[in-house]
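Take a look at the structure below.
The values are calculated or read from the model by the stated rules, or taken from the named source; none is laboratory data. Given the structure is predicted, the values throughout are model-derived calculations rather than measurements. No Cβ is skipped: glycine too gets one built from the backbone with ideal geometry, and neighbour counts run over all protein chains shown.
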Amino acid sequence: MAALSYSLPMLSSDGGLPKYLRDIRAFPVLTPDEEFMLAKRWQEHEDVDAAHRLVTSHLRLVAKMALGFRHYGLPLSDLIGEGNLGLMRAVKKFDPDKGFRLATYAMWWIKAALHEYVLSSWSLVRLGTLAAHKKLFFNLRRVKAQLRIVDTDGLATDDVLRIAEELNVPANEVMLMNQRLSGRDSSLNVPVTADIQIERQDLLMDERPNQEELLGDREEEAHGHGLLVDGFKVLDSRERDILTERRLRENPLTLEELGVRYGVSRERVRQLENRAFAKVQAAVLAAAAA
C-alpha cells in the first residue's frame, strides 16, 4: 500500500511493549457496517484515509500474532513491523463483497508475512523451503512442549515417533529438522585438518539428479498437470473454486469461510468439495487409462 502515507505507532525502547499496546488500543474497533463502507471506499476510490482506518483498527491482531513468534529469538519490533506489512497487503486486496470480515482474511496475510520473516532470518543452511519443511519448522517446538519432551542430547527414538505421529510426518524428517534447529552453522570452507588443505565442501557428494532424471521428472510433472487441468473441466465454477481453496492452497480456507462466500452451510460445502474431488478423480483416472 505505497499510497498510504499515514504513520503507524512504532515499538521503541521508550516505554517498550506496554506503551505500544496502549497506543494501538486507542484506535477504535470497527463495526461490520463501518468496516464494509471503509473497505468499499478504498476498493472503489483508493481512499487512503479509509485504508488507514482499516489498518489501525487491526493493529491489535498483528501484535497478538507477532507475540506468538517471540520464541524464535527475533526482535519483537521487527516481527510487529513485518506483521503490519502483511496487514497492509490484506487491506489492499480485501474484497468486502465476499461476505467475511477483514480480520478473518488478514490473519492469513499476517501469518504468511511472519513466517517468511522468520524463515529468511533463520539460517538458510539449516532449513528447507518446501511447505512440509515450513510446517515442521513452525510446529516442532510447539509439539515438543505439548508432549513435555526435552532433548538435551538429541531426541530419543520413542519421542521421535510420538512427534511424527502427532504431526503426521516421517520420523526421519523429525530427526533432521530437530538437528537443524539445535545445531550451529559451520562454514563449508573450514579445512578438514590442519595439515591437509582440503575443505569440507570438497568432500560433499553431488546429490543433484542427472539430466535424464530431470527430464523424466519434468515430463511426468507436465503430464500430471495436464491430466489435472483437463479433470477440472468437468466442474462448474463453484466446484472449481471450492476444490481449489480446500485442496490446492497452502493455507486452505475453512468450510465456514467458503459457506459464507456462497451462502450455504458448512456441511453443504463439505458435500460439494467431496463431490468435486470425486468427479476430478474419476476424470483423471479415465484419461490416464485411455
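Summary table below
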| quantity | calculated |
| --- | --- |
| Residue list for region 227-253, filter: in contact with a Lys or Arg (Cβ under 8 Å, 6 or more places away or on another chain), surrounded by fewer than 17 Cβ atoms within 10 Å (Cβ to Cβ) and under 14 Å from residue 272 (Cα atoms) | 234 |
| Residue among 103, 90 that is at pLDDT 90 or above and buried (at least 18 other Cβ atoms within 10 Å of the Cβ) | 90 |
| Pick from region 136-174, criterion surrounded by fewer than 16 Cβ atoms within 10 Å (Cβ to Cβ) and of a type in the set (Lys, Arg), ranking: modelled with the lowest pLDDT | 141 |
| Residue list for region 274-290, filter: in contact with a helix residue (DSSP H, G or I) (Cβ under 9 Å, 6 or more places away or on another chain) and polar (S, T, N, Q) | 281 |
| Residue count, region 230-272 (criterion: part of a helix (DSSP H, G or I) and of a type outside the set (Val, Ile, Thr)) | 25 |
